[in-house]
Amino acid sequence: MSLFRLSLANMRCNKGKTAVNILIIALALILFLVVNNLAAALAQYVNGMKALPKYRTLQVTYNRGFGSRETFEGTLKGMSHVKQVRQAASPLIGMIQDSAQKITDGAYEDYYYLTFQEFHPDVKIDLISGEYPKHPGEVVIPLNFQPYYDSYMSLTKEKIPYLNGKDFIGDTITFSFRDVQENWHQDKVTVVGVYDSVKVLEEASTAYLYQEDFIRLSKIRFEDPNYQPTDYEVVVDEYQNIPAVEKQMENYGAIPSRKTSLGGIGDFAFLMSGASAALSAVVIAFTLLIVCYLISSLIGKRKKLVALFQTLGYRNAKIFRMLLSEVLLIGLAGTLAANLLTALLFGPLWEPILTRFFSVYFLPLAIQWDYYWRTVLISAAAGCLIPLCALLFCYPKLAKIRPAEVLSDG
Amino acid sequence: MTMIEIKDLTKQYAKKVTAVDHVTAVFKDKTFYGIMGRSGSGKSTLLQLLGTLAAPTEGTIVAGGEDITRLKPNALADFRQKQIGFVFQDFQLHPYLTALQNVMLPMQLNAGISRREQKEKAMELLRKVSLEHRADHYPKQLSGGEQQRAAIARALANDPRYILADEPTGNLDVQNEQRIFSLLKELSGNKTVIAVTHNPVISQYAGVVLHMQDGRLQGEGMV
C-alpha cells in the first residue's frame, strides 16, 4: 500500500474538513488568478500599445510663422530620434473624444471634444457598433460615454454616469462649446457609431481647442471633405524618445499638438501590478491563516488515528510525511479546481460581470482575458505551499499526541 | 529465558494519582498472562508502560536484556514496530482500509518485505484467524468478533515477541470472547501474551493470572 493510497484513506476519515480545505484554497487561488491575470493582461496591453506606430508618433501643426512648409518639414526631419515626417492623413472622421482636462481660472475642468480626426492609415478606429461617419455632422462616440462629467454639452439622454454609448446611436446631440476667446458656439451632430475609446486615446486631438482658427477649421472640415490638413505626423524611433523630440520642437518654437497619455495608462498598469501583488499577498496570508486553523483542527480530529499509527511503530517523521502527502493532495486538488473553474468560467463571464454589475464597458473590450502560464505556476506553488506551511505550523500539536492518553482510559 | 522484567515500576499522573505503584514482576517467554482488576486499578496503565506507550515515573522495564525506559522516541517507535503487537478493546482498525490493508499497515515500515510479500503474509495471517474470506471487507462490514480477529492478525504482522491486549473481549459476545481467548492462548505457544481484562473467563485460558489492585500487582509469578 503506497503512501498516496494511505493518505487517501486518511483523507476519507475527515471528508468534510478536507472538502472545506480544498474549497478555501480553490477560492483563494481563483482570486489570485483573476487579479494576477488581469494585471498581466493590462501590462501586455500597454506594451502592445507602445509598439503601435500611433504611440511612437507626435503630431505638430504647421504654422506660417515657421516659414515655408519645406523648411518646417526639413527641420523636423533633422531632429534626432525622428524617423519620418509626413502630413497627417485623410480622410476626416468626426468623433467625440473622451473627457480631457484643461485648467481654466486655476481650476480643472472636464471636457468632451468634438474633433475631426485625421488618422494615420495604419491606425483605425475600432468601431464596436454602428458605422463610420460619411457625411458632415456625423460623429462616432466612445462606448463609455460619460456626459455626467461634461457641463458643455446638452444631450438628448438623461445625465447619468457611465452610459453605454450604444444607446446614443441615431440620436442628435446638441454640442455646445467655447473657443479660446471664451465665445460660445453650438452645433448639432448625429451619432452614427460607437468606438473603443481605450484604443483611441484622448490625447489624439486636444490641440484643436488651442488653435485660434479652431471654429473656422471645424466648419471648413464639416463643409469640405476634401480639406487638406496642415498637421504633420512625426514618427519617432522609440516610444520612450517622444519627450526628447517634444523638447527639440519646443526649442525650435513649434508646439507639439498631440501628447501621448500612454504614460497615464502605463502608470495605471504599474499600479495594477503593484495592487495585484499586494492583494495576492493579503489573500495568501489570509488563506494561510484559515488553512492553519483547519489543519490544526484536522489534527485534533485525527488524534486517534495518529495514536494508532504510533502504537504500530510509525515514527512521528513518518506520520508527518503521511500528513504532508495528504495536504499536498489537498493543495493540488484546490489548485486544479481553481484553475479549471477560472479557465472555464471567468473568460466568458468577466465581460458580462463588468458591464452588468459594474457598468464598465471599455475594459472587457480593451483587455482580453487570457491565461498566463507564469500565473498558473505561481498559483500551483502557492496552492501547495499554503497547506505545507500550515502543516509545519501545526507540527508541534502533532508531536504532542500521546497514544496512551488517546487510545485508552486506563 | 526471562523475557520482560519490570522493577519498581511506578506511574504517577500530575504527581497526585499513582496508577502503578512500585510494581516488580517477571513475564516469561511463551506464556499467556492474564491481568485482572477493577476499573482504575492501574492494569491498563501497566500495559501501556509495557508497550512503551507511556513513560514510567520511576523504575525500569528490561526486555530482551535492554532497558527500554531509556530509549529515545524513535528507538521506542522501532521497538514497538518490531517487538510488540497491540490488541485493543475497540479494535482500532483504520475505518477506510480493508481487513487485508489493515493487517498490512505495520508491514509498511518493514523495508525488507515487498508489497507482494506483504499481501501474501497478510492473507496468511487472516487465514490464521479464519478471516481470509473477509479480506476485502471494511471494518464497518465486519462483526465485532471479526474486527477483533483482524486486529489480532494485524498485531502479528511483524511477528512480534509480545502481544499486549487491553480488554480484548470487552465489546464481544460470549462466543466471540471464547474464540479470542483461544486464539491468544494459541499465540502464547511462541510469544508472550499479556492481556488485561475484567473478564474472569480468562482464568480458563491464561497460564498465569495476576491481580491488580490500587496500582499493585499480586499473584503467581510475582517476584
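The values are calculated or read from the model by the stated rules, or taken from the named source; none is laboratory data. All figures in this text were calculated on a predicted structure; none of them were measured in a lab. Don't worry about glycine lacking a Cβ; one is built from the backbone with ideal geometry, like all the others, and counts go over all protein chains shown. Surface accessibility is based on the protein's heavy atoms, side chains included, excluding ligands, DNA and RNA. Shrake-Rupley method; radii C 1.70, N 1.55, O 1.52, S 1.80 Å.
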### Message
Which one, B:LEU49, B:ILE35, B:ASN110, is farthest towards the positive end of the dipole of the range B:2-219 when Lys and Arg carry +1 and Asp and Glu -1 on their Cβ?
### Response
B:ASN110
### Task
With all protein chains present, calculate the accessible area of A:CYS389 using a 1.4 Å probe and round the result to the nearest 10 Å².
60
## Note on the structure
Percent antiparallel among DSSP beta bridges confined to the range B:2-219, rounded to 5, stands at 50
### Message
Using only protein heavy atoms and a 1.4 Å probe, how much accessible area in total is buried between B and A, to the nearest 100 Å²?
### Response
2500
### Task
Take the range B:88-140, compute every pairwise Cα distance, and split them into 10 Å bins from 0; I just need the percent in each bin.
27, 54, 19, 0
### Query
Under a point-charge model restricted to the Cβ atoms of Lys and Arg (+1) and Asp and Glu (-1), what is the dipole moment magnitude of the range B:79-141 relative to its Cα centre, in debye to the nearest 20?
120
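Please compare each pair in A:LYS318/B:LYS7; B:LYS119/B:LYS191; A:LYS17/B:LYS15; B:LYS28/B:LYS119 to a cut-off of 26 Å on the Cα-Cα distance and tell me which ones are over it.
A:LYS318/B:LYS7; A:LYS17/B:LYS15; B:LYS28/B:LYS119
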### Summary
Amide H proximity to B:ILE163 below 5 Å, modelled H, separation 5+ or other chain, gives B:GLY85, B:THR192, B:VAL193, B:ILE194
### Query
What does the accessible area of B:HIS94 come to, in Å² to the nearest 10, when a probe of 1.4 Å is used?
0
### Summary
For A:VAL236, the residues 5 or more places away or on another chain with a placed amide H closer than 5 Å to its own amide H are A:THR57, A:LEU58, A:LYS83
### Task
Counting helices only, and only those DSSP H runs with n ≥ 4, report the 222 nm mean residue ellipticity of chain B as the sum of -39,500 (n - 2.57) divided by its residues, in deg cm²/dmol to the nearest 500.
-9000 deg cm²/dmol
### Kirkwood Rh (inverse of mean 1/r, distinct Cα pairs), the range B:2-219, angstrom
17.6
#### Entry: Cβ-based net charge around A:ASN21, under 15 Å, with every Lys or Arg adding one and every Asp or Glu removing one
+4
